[in-house]
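Undergrad: Quick one: the structure is below, and I'll ask about it shortly.
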Amino acid sequence: MGDLGLMGITVPEEYGGAGLDYLAYAIAMEEISRGCASAGVVLSAHNSLYLGPVKGFGTKEQKGDFLTNFTSGSKIGCFALSEPGNGSDAGAASTTAKDTGNSYIVNGTKAWITNGVESEAAVVFATTNKSLKHKGISAFVFRKPVKGLSLGKKEDKLGIRGSSTCNLIFEDCELPKESLLGSPGMGFKIAMKTLDDGRIGIAGQALGIAQASLDCAINYARTRTAFGASILKLQSIQQKIADMATRINAARLLTYQAAVLKDSERPYTKVMFK
């Protein structure tokens, strides 16, 4: 995928990316996921959840370090928001980052982190000011491994097993001040924007899986015989396949519409919720 330019598909060319738009990203996600859902989720988490916030909120120096070195496919990143007790609630980060003046000391656990095992950098969210609630959450980007950060066991998942998922465990993990992504307290805004953008990629992944399922269903119906003929000739089977195709095409058009709206810098969130 790196050789095809897909591991930095929406990243500007000046940072080593392909410089394409979100419609191209949605189509790429669909086609990759049609062949392998695991490859699709690796692609989605890296592009949407890791590269996305760095591209949108990083300083010039952060972009030079955390974008340029992560668009070839030789290195991937991860996004750590979810926690064991909070799920993906962006406004309820139990993980804390204490400002010591020269650095931040991070403590807490992030759960179900896609690309957590192989990633060489991470975008992490932690509370820097509990009194401000969701406005006291900040985002950080840093290289890993780093002292004070350990990985939980690789989850034995039911599906999409080609993509690693694990916990990130912070125990007095010291991050330099330059790790702060955006301004202090911007974490909630960064997380919500990132998740919104990521829904386009995930919709593309779902489309690819659905299209592969339809392809399998048609192939099975064509080769499966009953009463001396292919069941594809039965009207009830034809109706089921037609309904599947109709729903997939409707979902595809909604996904492409959301991508075009984002590329046009117009509101697209409501489209994704459909």
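Undergrad: Using a 1.4 angstrom probe on the protein heavy atoms only, could you order D196, D156 from most to least accessible area?
TA: D156, D196
Undergrad: Here is a further query. Charges at C-beta only: +1 for Lys and Arg, -1 for Asp and Glu. How large is the resulting dipole of region 65-180 about its Cα centre, in Debye rounded to 20?
TA: 120
Undergrad: Let me ask another. How high is the relative contact order of region 188-274, in percent, counting Cα pairs under 8 Å that sit 6 or more residues apart?
TA: The value is 29 percent.
Undergrad: So, one more: Need one word for the chain: rounded, prolate or oblate. Basis is the Cα gyration tensor (sqrt eigenvalues a ≥ b ≥ c); a/c below 1.5 gives rounded, then a/b vs b/c decides.
TA: Verdict is prolate for the chain.
Undergrad: Taking all protein chains as present, what is the carbon and sulfur share of the accessible area of the chain, in % to the nearest whole number, probe 1.4 Å?
TA: In the chain, the share of accessible area belonging to carbon and sulfur is 55 percent.
Undergrad: From the square roots a ≥ b ≥ c of the eigenvalues of the alpha-carbon gyration tensor of region 12-100, which class results: rounded (a/c under 1.5), prolate (a/b over b/c), or oblate?
TA: oblate
Undergrad: For the chain, what does the accessible surface come to per residue with a 1.4 Å probe? Please give it in Å².
TA: Result: 50 Å² of accessible area for each residue.
Undergrad: Past 31 Å, Cα to Cα: identify those pairs from K98/K262; K98/K270; K110/K270, in the order given.
TA: Violating the 31 Å Cα-Cα cut-off are K98/K262; K98/K270.
Undergrad: Please report, in debye to the nearest 20, how large the charge dipole of region 94-242 is about its Cα centre when each Lys and Arg carries +1 at its beta carbon and each Asp and Glu carries -1 there.
TA: 460
Undergrad: Related question: Considering all alpha-carbon pairs of region 1-47, what whole percent are spaced by more than 14 angstrom?
TA: Summing the P(r) of region 1-47 above 14 Å gives 43 percent of all pairs.
Undergrad: Also, I was wondering about something else. Of the listed pairs K60/K157; K157/K233; K75/K133; K153/K177; K63/K135; K75/K240, which have alpha-carbon separations greater than 32 Å here?
TA: Checking Cα-Cα distances, K60/K157; K157/K233; K75/K133; K75/K240 exceed 32 Å.
Undergrad: Could you sort 80-87, 138-145 so that the peptide with the highest average Cβ count within 10 Å comes first and the rest follow in order?
TA: 138-145, 80-87
Undergrad: Moving on to the next point. Sort out for me the Cα centre separation of region 111-150 from region 34-62, rounded to whole Å.
TA: Measuring centre to centre over Cα atoms gives 15 Å.
Undergrad: Please report, in debye to the nearest 20, how large the charge dipole of region 155-274 is about its Cα centre when each Lys and Arg carries +1 at its beta carbon and each Asp and Glu carries -1 there.
TA: 920
Undergrad: Taking the Cα centre of the chain as the origin and placing charges on Cβ (Lys, Arg +1; Asp, Glu -1), which of I209, F188, H134 is farthest toward the positive end of the dipole?
TA: Of the options given, the answer is I209.
The values are calculated or read from the model by the stated rules, or taken from the named source; none is laboratory data. For clarity, every value in this text was computed on a predicted model and none was experimentally measured. All Cβ positions, glycine included, derive from the backbone under ideal geometry; neighbour counts span all protein chains shown. Side chains are part of the model used for accessible areas, which takes the heavy atoms of the whole protein and leaves out ligands, DNA and RNA. Shrake-Rupley method; radii C 1.70, N 1.55, O 1.52, S 1.80 Å.
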